[in-house]
Amino acid sequence: MAFHKKRGPQEMTLHRIVVTAGFLLTVAGAVAASPEATPTPGEPPRWQPETPTKQLSLWPEGLTIAQPPVDGPETFKDGAITNVTRPTMTIYPPRAKGNGSAVVVAPGGGFMVLAIKGEGTDICDWLTSKGVTCVLLKYRVPTSGPQWDGACRCRHEPAVHMATQDAQRAIALVRHQAGSLGIDPNKVGIIGFSAGGHIVADVSNAKGPIYAPVDEADRESVRPNFAIAAYPGHLWEGKGLVLNPTLHVTTNTPPTFIVQAEDDPVDNIRHSLSYYVALKQAGVPVEMHLYAQGGHAFGLKHPDWPIGAWPNLAEKWMRSLGMLR
């Protein structure tokens, strides 16, 4: 059942999205981004997951939701997606024996594009090989989260944090469909990279949904049970180690794992340090790993470098929380 509730620019009407166990059983093979599909005449290529996996809409077709300022149709090129106006989630079941955990993956891209391969499907490939159900989030872009304005050297907050809305909705839907997905609703985590790392902090610390709840799924908690932030951005205020004042860390913030390279030329190491200090001061369990080299957007690159060990460390951390067997 769906119903209406108005909340300014966040007015939304949602229908329950059902993911059946039968659908999940039909999904097989390695997780990978499909080739850039051949578009119909006059249309650019769009990203599609590998057949038979399907994208599931977070919000129903025809619903008016806040729209990012796109400059054209949605396009997939060079491993990245631009101009996303209809957000989706794609569910990849575990390829190893399932352990009841699910992780929502938020790719980076500066809230301008989505690095859907290196920080999306490649990450799902890693997680599903460890028995985790992977939920790949295709959230709205561009300017769907905080932006750095070089003219005023200040942070610009969007009127509607569309990316965070999409991430919260994905978490709620996953929990609501825990039975059909074969997961424990108390073992739902999130991992995000760069701008996606900011989404991780946002959903970890929000008091509740930042959109008006409209159906049964929105009775579920939208806060993850555990969180991984990789080279997160927009967390540092820019003075000392002052945390972005829009984030309010409390004892309710979930256990968090942070990883970043000290030579990151895009997001200063102080973003991670500021968040780490705030988590420690609030008594939140947190583990942070900093590496001398790795740059930005390292994802699963550089397996032979010291920074290439971070996925193994994250697995051990998840295991210590009871999220992996």
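Using θ = phi - 60° and the Karplus form 6.51 cos²θ - 1.76 cosθ + 1.60, what ³J(HN,Hα) does each residue of segment 282-299 get, whole Hz, x for Gly and Pro?
8, x, 7, x, 9, 10, 10, 10, 10, 10, 5, 10, x, x, 9, 6, 6, x
In debye to the nearest 20, how big a dipole does segment 212-299 give about its Cα centre with +1 on each Lys and Arg Cβ and -1 on each Asp and Glu Cβ?
In total the dipole reaches around 320 debye.
Using Cα positions and a limit of under 26 Å, work out the lysines in reach of Lys280, with same-chain residues fewer than 8 apart set aside.
Straight-distance partners of Lys280: Lys187, Lys207, Lys239, Lys316.
Over the Cα atoms of segment 213-325, how large are the radius of gyration and the largest Cα-Cα distance (Dmax), in Å?
15.3, 48
With Cβ to Cβ distances under 15 Å as the rule, what net charge do the other residues near Leu313 carry (K, R +1; D, E -1)?
Net of charged neighbours comes to +1.
Please give me the summed charge of the neighbours of Gly108: other residues whose Cβ is under 11 Å from its Cβ, Lys and Arg +1, Asp and Glu -1.
-2
What's the magnitude of the charge dipole for the chain around its Cα centre, counting Lys and Arg as +1 and Asp and Glu as -1 at the beta-carbon? Answer in Debye, nearest 20.
800 debye
Could you order peptides 261-274, 294-307 by the average number of other Cβ atoms within 10 Å of their residues, highest first?
261-274, 294-307
Please name whichever of Trp47, Ala159, Thr246 sits farthest to the positive end of the charge dipole of the chain, dipole taken about the Cα centre and charges placed at Cβ: Lys and Arg +1, Asp and Glu -1.
The one lying farthest along the dipole's positive direction is Thr246.
In a Gaussian network model over the chain where Cα atoms closer than 10 Å are linked, find which of Leu63, Leu114, Leu136 has the largest mean-square fluctuation.
Taking springs between Cα atoms under 10 Å, the residue moving most is Leu63.
Taking a temperature of 10 °C and a viscosity of 1.306 mPa s, what whole-number D in µm²/s does Stokes-Einstein yield for segment 165-236 with Rh from Kirkwood over alpha carbon pairs? If you can, show how the numbers build up before the last one.
Details: Rh = 12.4 Å.
Diffusion coefficient, whole number: 128 µm²/s.
With respect to the cross-link table entries Lys77/Lys301; Lys54/Lys138; Lys77/Lys138, which display a Cα-Cα separation exceeding 18 Å?
Violating the 18 Å limit, Cα to Cα: Lys77/Lys301.
What do you get for Rg/Rh of the chain when both radii come from the Cα atoms and Rh is the Kirkwood radius?
Rounded to two decimals, Rg/Rh equals 0.94.
Stretched out fully, how many nm does the piece from Thr51 to Ala96 gain, at 0.36 nm a residue minus the Cα gap? Write out the running numbers ahead of the final one.
On the way: separation 45, 0.36 × 45 = 16.20 nm, distance 1.92 nm.
Stretched fully, the Thr51-Ala96 segment lengthens by 14.3 nm.
222 nm [θ] for the chain, helices only, -39500 (n - 2.57) per DSSP H run of 4+, per residue, to 500? Write out the running numbers ahead of the final one.
Details: 7 runs with 66 residues, N = 325.
Calculated at 222 nm, the ellipticity per residue is -6000 deg cm²/dmol.
Over the chain, what percent of the accessible surface lies on carbon and sulfur atoms, probe 1.4 Å?
54 percent
The values are calculated or read from the model by the stated rules, or taken from the named source; none is laboratory data. All values derive from a computational prediction rather than experimental measurement. Glycine also receives a Cβ, built like all others from the backbone with ideal geometry; neighbour counts cover every protein chain displayed. We work out accessible area using only protein heavy atoms, side chains counted, and drop any ligands, DNA or RNA first. Shrake-Rupley method; radii C 1.70, N 1.55, O 1.52, S 1.80 Å.
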